[in-house]
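The values are calculated or read from the model by the stated rules, or taken from the named source; none is laboratory data. Nothing here was measured: the structure is a model prediction, and the numbers come from that model. For neighbour counting, all protein chains shown are included, and Cβ atoms are generated from backbone atoms with ideal geometry for every residue, glycine included.
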Amino acid sequence: MKRRLALTAAGSAVLLAACGKETAADKPAASGGKTVSVEAIAAQAKGFSVGSSMASRVVYVFFDAQCPHCSALWEASRPLRSQARFVWIPVGLINEKSVTQGATILGAADPVATMDQHEASMRNQQGGISAMGVADAGRAAVKSNTELMNSFGLGGVPAIIAKDRQTGQVQAIEGSMPTAALAKRLGLNAPG
């Protein structure tokens, strides 16, 4: 029993380390990697958009399908979707299920509905969506996204990338946060 508890604790520590921090920290140019570039992300990453397609504000989010902090950010960003277009980019950091579930979400006819279904399953501690028969192209896209994120030296997920509204500088924020804090960091109006 003690061994089982130790393994569970160790597994939880690995999961949370891969997810990153619960609070956000700015990383304008991540250490150990190339400079974070929204242009490179727009050109190279494979993701899906949610929110206003007409919004001038674009926010990129690297996420892992198995990350509980990413689930929290998915929910926290929901009230801000009318003000920005969020591009969710699946990566595979935690385990192989991260890759297959991310590929399933990417390849879905309606990725937003599939992500909603996945997150509901994660909140209910059911492990997320089934990811049977995932195409090799989908797995390759998630792995390529992971390599791109790692090339920036980002340390965990969720990783939020956006240009600062006032300075135009790229900001990289690692970790989840409540809606009001997210709105403030992104220069959006907090719901009220």
Discussion item. Six or more apart or on different chains, Cβ atoms under 9 Å: show the pairs whose first residue is in the stretch 147-170 and polar (S, T, N, Q) and whose second is part of a loop (DSSP other than H, G, I, E, B).
Written reply: N150/G33; N150/L93; S151/G33; S151/K34; Q166/G187; Q169/P28
Worksheet entry | Subset of the stretch 104-150 (residues that are farther than 25 Å from V36 by Cβ and of a type in the set (D, E)) | D110, D116, E119, D136
Discussion item. Checking A108 against (1) touching a residue at least 24 places away in the same chain (Cβ under 8 Å); (2) touching a strand residue (DSSP E or B) at 6+ places or on another chain (Cβ under 9 Å): exactly one of these is not met. Which one?
Written reply: (1)
Worksheet item: Before we move on, is A65 touching a His at 6+ places or on another chain (Cβ under 8 Å) and of a type outside the set (V, I, T)?
Response: yes
Worksheet item: Of all the residues that make up the stretch 125-150, how many are assigned to a helix (DSSP H, G or I) and either closer than 15 Å to D64 by Cα or modelled with pLDDT of 95 or more (or both)?
Response: 13
Worksheet item: Taking A159, is it closer than 21 Å to A72 by Cα, aliphatic (A, V, I, L, M) and surrounded by 14 or more Cβ atoms within 10 Å (Cβ to Cβ)?
Response: yes
